[in-house]
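Asker: Provided herewith is a single structure, encoded as structure tokens, for subsequent inquiry.
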Amino acid sequence: MPATVWKGFLSFGLVSFPIRLFSAARAEHVSFHMLHRKDLSRIKEVWYCSKEDKPVDRADIVKGYEVSKGEYIVVEDEDLKKIAPPSATTMEIVQFVRDKDVDPIYFESSYYVAPDESVSKPYELFLQALAETHYEAIAKATMHNREHVVLIRAGKMGLLLHTLFYPNELREANQPAVKRGKASAKELTLAKSLIEHLAGPFKPEEFHDTYRENVEHLIEQKRKGQKVTTIRQPRNQPAGDLMAALKRSLESSPARAKAPRKHRAA
């Protein structure tokens, strides 16, 4: 049984039903330990008191908010529980949006939503209603020490939930000012042809983390005392003749299998 991330009620108008959230994805990395170069012994993290100049046990550590230079307000876990908003236990839906209304740039983390009952008619009703109307629900939920705006949508096997970034968390200042030009009609036609040529159904199982595989291969080579294989990097440069580059792309790129078109009822 996977670990429950959040447990509470989903409120849909006057209808409420218990649910649980489970993590839907987790990035995988090759883990490295920090070692002392001299003898390759593990480096340990030590919590240190700067005033007493000595290590501190984790049990003696509290949360503190700096209100002015060197002045802190201590906040206990019990204090935080007392001021938790209603969304800590009840995920109330505040509105519904069309399934393409929310820009994916707002998506933060993904979760599976499961009914906290063996058979849940309200859960199934809500899932079926979302699927058939092509709407998605916006709600608020408190977890991981913050209140999230969340999007709930119908998946193939059940409800899915995505936490969303707040607008002030988007780094709009990092968006570059792109000077827009205008492509010729022939260039645009070729570019569209290349897109159609490479279009196909998304098959996530075809993709894998090449960098992680290379790191694992590097570790295996070093373990066996072999020379590390250097990966050759492509030599890219801006296309001089855009039309010629597009034509060569069409000629050299293998076409992907097309997915059958699905017609959706209005």
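The values are calculated or read from the model by the stated rules, or taken from the named source; none is laboratory data. Source: prediction; values computed, not measured. Glycine gets a Cβ as well: all are built from the backbone with ideal geometry, and neighbour counts include every protein chain shown.
Asker: Which members of the stretch 110-149 meet the condition of being assigned to a strand (DSSP E or B), among the polar types (S, T, N, Q) and touching a residue at least 60 places away in the same chain (Cβ under 8 Å)?
Answerer: Within the stretch 110-149, Ser110 is the sole residue that qualifies.
Asker: Taking only the stretch 155-207 into account, find how many residues are surrounded by fewer than 11 Cβ atoms within 10 Å (Cβ to Cβ) and under 30 Å from Ala141 (Cα atoms).
Answerer: 11
Asker: A further question follows. Can you tell me which residue within the stretch 102-129, out of those that are closer than 30 Å to Gln175 by Cβ and aromatic (Phe, Trp, Tyr), is surrounded by the most Cβ atoms within 10 Å (Cβ to Cβ)?
Answerer: That would be Tyr111.
Asker: Another one. Would you mind telling me which numbered condition in (1) under 30 Å from Ile152 (Cβ atoms); (2) not assigned by TED's automatic domain parsing to the domain that holds Gly158 Lys38 fails?
Answerer: (1)
Here is a yes/no grid of residues against (1) farther than 27 Å from Glu108 by Cα; (2) assigned by TED's automatic domain parsing to the domain that holds Ile93; (3) over 22 Å from the mean Cα position of the chain (by Cα); (4) not in a loop (DSSP other than H, G, I, E, B):
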| site | (1), (2), (3), (4) |
| --- | --- |
| Ser11 | no, yes, yes, yes |
| Ser16 | no, yes, yes, yes |
| Ile19 | no, yes, no, yes |
| Val46 | yes, no, yes, no |
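Asker: Does Thr142 satisfy the condition of being touching a helix residue (DSSP H, G or I) at 6+ places or on another chain (Cβ under 9 Å) and among the polar types (S, T, N, Q)?
Answerer: For Thr142, the condition - touching a helix residue (DSSP H, G or I) at 6+ places or on another chain (Cβ under 9 Å) and among the polar types (S, T, N, Q) - is met.
Asker: Additional query: Which count do you get for residues in the stretch 130-139 that are surrounded by 13 or more Cβ atoms within 10 Å (Cβ to Cβ) and either touching a helix residue (DSSP H, G or I) at 6+ places or on another chain (Cβ under 9 Å) or among the polar types (S, T, N, Q) (or both)?
Answerer: Count: 4.
Asker: Give the stretch 81-101 a look and list any residue that's more than 13 Å from Tyr135 (Cβ to Cβ), surrounded by 12 or more Cβ atoms within 10 Å (Cβ to Cβ) and touching a residue at least 60 places away in the same chain (Cβ under 8 Å), or say none.
Answerer: Ser87, Ala88, Thr89, Thr90, Met91, Glu92
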